[in-house]
Amino acid sequence: MISEIYTSSTFGVEAYIIRVETHLESGFHKFSVVGLPDNTVKESRDRVRVAIKNSDLYFPDLKRISINLSPADIKKEGTGFDLPIAIGLLTETSQITLGKIKDYIFIGELSLDGKLRHIAGVLPIAIEARRKKFKGIILPAENAKEASVVENIDILPFKNLNEIIDFLNGKTEATAYKSDIREVFNATKKYPLDFSDVKGQAEVKRATEIAAAGGHNIIMIGLPGSGKTMLAKRLPGILPPMTLEESLETTKIHSIAGILPPDTSLIINRPFRSPHHTASDVAIVGGGPYAKPGEISFAHNGVLFLDELTEFKRNVLEVLRQPLEDRVVTIARSKVTVQYPCSFMFVAAMNPSPAGTAKEMSMYSDYEIQKHLSKISGPILDRIDIHIHVNPVKYTELTSKHESEKSEAIRERVIKAREIQLRRYKGIKGIFCNANITNNEIKEYCKIDADSENLMKMAITKIGLSARAYNKILKVSRTIADLKGEDKISTAHISEAIQYRSLDRTEWLE
């Protein structure tokens, strides 16, 4: 007789169902697990054996135990296989009746005393279990809140192995953990940081508002202490609220990586990720032996902020080129290729020179400053629509009693501009805001008159803007017009957009 237990594991951002087959036979004791298990799954043999014994249950020490994880051509990883393997053994030794077994997905890590521990990736597993029409999921109590946002499937939380055995044998009843996904999603979405905290910097605030309204990537250039980081951290607070679909997408990625905060069932605020400049390329884009997601995927539907941009290693910045363009990252390994979504707003900050203060700037030659700036390659700069200089805050602004505009007011204008863009690009696949548009959409929706064309010509020929700036200026101009609720792009819109291309001037980067 062979017992069959169903469990699930993740691959990329999706889950798939796995059948755990257990067979016992007489002979020299051996406990083998086959079906491409990784080391963590292989180690489950010891955890399962000790957990069963410490739960005062029978473990077949004098039998040959064979566990097959099917399909066998997919790599199995993680500690979530502990529970289904244990249930399979207990079924094979007639300690569990077969009545309810095949109705459920079993997932969970076992501690040596038989308690169930939290595992990663429960949300996509619950979604897949519902899709495959399972009645419910039996899982650790710590994972119940996360899984409960998936409707029309019973989420049955347990604290230890004995509780599950009693339920399956009909000795006790289990209460499904329930939560209303819309109630969770519509909970207060107050972002903790507000733009009113920032004194002065009216020009930079304007630039960040335009960036948020059009989904444009932005770089801030200024000396330490000028407020670049403070402004960047407040950007998620002026972005449009997440849709339910975006919330689920983002939560799935955080769930798979095991970084979903405790007692959080759904991420409802746009994520803000700010990796240190010493981070490796694998930490930023993802990778490793099992192709795990990186910071750019954790920032999906939110903001990725790279402070001290010129301090990042060149290879780290260069690997951002493809994800910034495609909004998806492909991680290839010898036996597996995984795709993770990474549609984020890219925000960067840097010093205008190697100097730490304004006084030190005179110590550096033009060549040294040029060398400092050239750490940002042309292809990376191509993917940044807005460049803005951040000057030190004036004393009068710092001590002013005047209250700055709150994030809520800025956000309302941003939402209105985004709604205009959604209507404009409705039906065009993959385009939701002005930052996403290609050359075809630029020709269609960013038409300018003769006066504006002359202004663009002068900017390129006399001011020194490069050819790459042309389309960027048009896209940003389109957003400025949207913020004002105007259908046509005017010379005023073009003029303002030109101001946001300082790093593209030939005297800065050649």
Q) For segment 254-268, does any single residue satisfy the condition of being out of contact with any Gly (no Cβ under 8 Å at 6 or more places or on another chain) and under 23 Å from THR208 (Cα atoms)? A) yes
Q | Close pairs from segment 21-46: first in contact (Cβ under 8 Å) with a residue 60 or more places away in the chain, partner of a type in the set (Lys, Arg), Cβ under 8 Å, at least 6 apart | A | LEU24/LYS63; LEU24/ARG64; ASP38/LYS75; ASP38/LYS76
Q) In the set GLU412, GLU403, which member is closer than 30 Å to ASP197 by Cβ and assigned by TED's automatic domain parsing to the domain that holds THR208? A) GLU403
Q) When you look at GLY237, is it small (Gly, Ala, Ser), more than 23 Å from HIS387 (Cα to Cα) and either assigned by TED's automatic domain parsing to the domain that holds LEU324 or surrounded by fewer than 20 Cβ atoms within 10 Å (Cβ to Cβ) (or both), yes or no? A) no
Q.
I'm checking my understanding of the structure. Among residues of segment 326-354 that are free of Cβ contacts under 8 Å to residues at least 40 places away in the same chain and over 21 Å from the mean Cα position of the chain (by Cα), which one is farthest from LEU309 (Cα to Cα)?
A. SER334
Q) Is it the case that some residue within segment 278-289 is buried (at least 21 other Cβ atoms within 10 Å of the Cβ) and without any contact (Cβ under 8 Å) to a residue 40 or more places away in the chain? A) yes
Q: Please work out which residue is modelled with the highest pLDDT, limiting yourself to segment 351-380 and to residues that are outside any helix (DSSP H, G or I) and among the small types (Gly, Ala, Ser).
A: SER377
**Q.** Matching residues in segment 1-41 - criterion: being closer than 16 Å to ILE74 by Cβ and basic (Lys, Arg)
**A.** ARG19
Q) For segment 181-197, does any single residue satisfy the condition of being crowded, with 22+ Cβ neighbours inside 10 Å, in contact with a Ser or Thr (Cβ under 8 Å, 6 or more places away or on another chain) and on the phi < 0 side of the Ramachandran plot? A) yes
Q: Sort out which residues of segment 212-229 are closer than 22 Å to ASP382 by Cβ and in a loop (DSSP other than H, G, I, E, B), and write them in order of number.
A: GLY215, HIS216, ASN217
Q) In segment 307-317, which residues are touching a helix residue (DSSP H, G or I) at 6+ places or on another chain (Cβ under 8 Å) and of a type in the set (A, V, I, L, M, F, W, C)? A) LEU309, VAL316, LEU317
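Tell me, please, whether a residue that is closer than 15 Å to ILE5 by Cβ and in the same structural domain as VAL48 (by TED's automatic domain parsing) can be found in segment 119-127.
Taking every residue of segment 119-127 in turn, at least one turns out to be closer than 15 Å to ILE5 by Cβ and in the same structural domain as VAL48 (by TED's automatic domain parsing).
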Q) What single numbered condition from (1) closer than 30 Å to GLU246 by Cα; (2) assigned to a helix (DSSP H, G or I); (3) polar (S, T, N, Q) fails to hold for ASN162? A) (1)
Q. Considering segment 410-419 alone, what residues qualify as being surrounded by fewer than 20 Cβ atoms within 10 Å (Cβ to Cβ) and among the aliphatic types (A, V, I, L, M)?
A. ILE415
Q. Can you name the residue in segment 93-125 that is charged (D, E, K, R) and at pLDDT below 95 and is also farthest from LEU260 (Cα to Cα) among such residues?
A. LYS100
Q: Would you check if there is a residue in segment 59-76 being under 30 Å from THR264 (Cα atoms), of a type outside the set (S, T, N, Q) and buried (at least 20 other Cβ atoms within 10 Å of the Cβ)?
A: yes
Q) Out of (1) surrounded by 20 or more Cβ atoms within 10 Å (Cβ to Cβ); (2) at pLDDT 90 or above, the odd one out for SER226 is which? A) (2)
Q) Can TYR6 be described as at pLDDT 95 or above and touching a Phe, Trp or Tyr at 6+ places or on another chain (Cβ under 9 Å)? A) yes
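The values are calculated or read from the model by the stated rules, or taken from the named source; none is laboratory data. Note that the structure is a prediction, hence the values are computed from the model and not measured. Cβ sites come from the backbone with ideal geometry, for glycine too, and all protein chains shown count toward neighbours.
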